[in-house]
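J.: Let me give you the structure first, and then I'll get to my questions.
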Amino acid sequence: MDILRKKSIEQTLEMTTEEGHRLKRNLGPLDLAFLAVSVCVGAGIFSVSTKVMTQNAGPSTIISFVMAAFVCGLAAMCYAEFSTSIPVSGSAYSYSYTTLGEIFAWIIGWDLILELFLATSVIAKYWAIYVSDALNVFGIHSTLSFHIGDFKVDYGAAIVVLFFTVLLSIGTKLSARITNVMTCVKIGIVLVIIIAGFTYFSWDNLTPFIPEAIPSGDTAGDVLTDTLWGTITGFGGGHFGVGGMFAGAAIICFAYVGFDTVATAAEETRNPKRNVPIGIILGLGIVTVLYVLVAFVTCGMVNYVDLSEFAASQGHDVSLATAFQYHGAYWQSAVIAVGAAVGLTTVIMVELFGVSRIIFAMSRDGLFPEKWSKTSEKRMTPVGITVVIGIVAALVATFTSVDELADMINIGTLSAFVLVSIGVIFIRKNAKEHNIDQSKTFKVPFFPVLPIVSAILCFVLMLNLTNITWIRFAVWLLVGFIIYFGYSHKHAKIQTE
């Protein structure tokens, strides 16, 4: 059984022209940059930043954002070289199939499905919460949910997922235009937040910059919520101290997954060898500046301990809006609620777009049933699989509490980064064999040092995720191996051909 068999780049590119399995190339560099910004400027700013600040890193959250940006920036360059060498749908999955072999491609594709599908459901639930807050600002009291006994039904989360399922089925260009408009709106709101936040800024709130670490407990629950790195080394449990700063960086990586989706859209991009690197780098640069500014302002507005205690006294989770409520600035809090609702809307659409394209690429290769990769003749979009994914994601978001699984998104993302960073070394060394004109592709500088550093740093951040996340990740991989050896390996097109 050859589990390391590889697809040639020629085979990969040839599949993009198959009748009934083609995607339409209609996205430009700004579309891609907005795609990256739209998925990043949302969950990362409105929820992740304050969570890391109060639970992991304190004021050193600012450094956590910079660390995550640096690591993701290295991975982004690897993605850019890969996507210009092999401009096809499927992102890291497709890249791994041509360089590392089928089993690695399956693992990364399976991980990306977990990451993007779960992100769609989780963000849909956050969206419903922020929309409820926004409605309350205007005197409309609704939670967009109801209870059947003790069972909560979040119908608001289902509505937004199904809406964008329909929109993506119509076509990616229309979806991109709507995303661009919404992204401009929420960037404007974020800038207002930054300017308003500086009026409450105090340098005293940044002391101590790296709070003293809180030792891990001895109970089973404490062990599960400890980081794997802390368990192995005794270095710390990820709650403040240097270990908390690293744990914060690992969690924050979720906020930078936008460029991964840009790489997924390479097959639907005009002139991908030029536009994909521009979209990836431009998008990552914009969100990094916004993230660091928001983290700096938030940490300086209110002490992280006071913020946590204030949120608890109000009976709700800490968020960016909480920092303004602490100062009695409720109109800014209202702006944040509206901005978060708009911001998370586009995140849902982009994540849904990404998971549909991953499954599309895997089914076109035969690892899933080939009929899943059928595209409509008129719009050239994978309508069938998009609708199915949208319905399932809507059901999960409606009936399941998935917040505690959010860290699974990070481990799926970082594992993809590791394999792409390694794979780009193979693609560069075998460029002539695959007839790749390197003069027309983006090249990672300081090769092969930067790809190796990227892989190592991404793995280090993975080690700073919790033990329970690693256990769940192992279970997900086990299910994936059962499907692979039971179906996918036997039905892969590379086998039948």
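The values are calculated or read from the model by the stated rules, or taken from the named source; none is laboratory data. Please read these numbers as outputs of a predicted model, since none were measured by experiment. Backbone-built Cβ (ideal geometry, glycine too); neighbour counts: all protein chains shown.
J.: Of all residues in the stretch 462-476, which are touching a residue at least 60 places away in the same chain (Cβ under 8 Å) and either exposed (fewer than 15 other Cβ atoms within 10 Å of the Cβ) or in contact with a Phe, Trp or Tyr (Cβ under 7 Å, 6 or more places away or on another chain) (or both)?
T.: Selection gives L463, N464, I471.
J.: Now, a different point. Being buried (at least 16 other Cβ atoms within 10 Å of the Cβ), at pLDDT 85 or above, aliphatic (A, V, I, L, M) and more than 28 Å from C72 (Cα to Cα) is the requirement here; does L414 meet it? Walk me through it before giving the result.
T.: On the way: buried (at least 16 other Cβ atoms within 10 Å of the Cβ): yes; at pLDDT 85 or above: yes; aliphatic (A, V, I, L, M): yes; more than 28 Å from C72 (Cα to Cα): no.
So L414 does not fit the description; no.
J.: Next question, about the same structure. Counting residues that are surrounded by fewer than 17 Cβ atoms within 10 Å (Cβ to Cβ), under 23 Å from the mean Cα position of the chain (by Cα) and at pLDDT 65 or above, which helices (runs of 4 or more DSSP H) fully inside the stretch 1-60 reach at least 1?
T.: Correct list: 29-40.
J.: Shifting gears a bit: From the list G248, G230, G279, G244, pick out the single residue that is closer than 22 Å to P445 by Cβ, assigned to a helix (DSSP H, G or I) and at pLDDT 75 or above.
T.: Just one listed residue meets the conditions, G279.
J.: Can you tell me which residue is nearest to H239 (Cα to Cα) among those in the stretch 296-337 that are of a type in the set (G, A, S) and free of Cβ contacts under 8 Å to residues at least 12 places away in the same chain?
T.: A312
J.: Quick check on this structure: which one of L162, L167, L112, L174 is part of a helix (DSSP H, G or I) and at pLDDT below 75?
T.: So the residue among L162, L167, L112, L174 that is part of a helix (DSSP H, G or I) and at pLDDT below 75 is L174.
J.: Determine the pairs where a residue that is under 19 Å from V355 (Cβ atoms) and among the hydrophobic types (A, V, I, L, M, F, W, C), located within the stretch 80-94, has a partner that is at pLDDT below 75 and not in a helix (DSSP H, G or I) with Cβ atoms under 8 Å apart, the partner being 6 or more residues away or on another chain.
T.: From the stretch 80-94, the pairs are V88/T16.
J.: Going by what's in this entry, would V335 be described as of a type in the set (A, V, I, L, M), over 30 Å from K490 (Cβ atoms) and in contact with a Leu (Cβ under 9 Å, 6 or more places away or on another chain)?
T.: Spelling it out, it is not the case that V335 is of a type in the set (A, V, I, L, M), over 30 Å from K490 (Cβ atoms) and in contact with a Leu (Cβ under 9 Å, 6 or more places away or on another chain).
J.: Which pairs turn up if I take residues in the stretch 410-427 that are closer than 18 Å to A247 by Cβ and look for partners that are of a type in the set (S, T, N, Q) with beta carbon separation below 6 Å, at least 6 apart in sequence or on another chain?
T.: Here the result reads I411/T469, each pair linking the stretch 410-427 to a residue that is of a type in the set (S, T, N, Q).
J.: Could you check the stretch 300-331 and list, in sequence order, the residues that are buried (at least 20 other Cβ atoms within 10 Å of the Cβ) and closer than 21 Å to V185 by Cα?
T.: S319, L320, A321, F324
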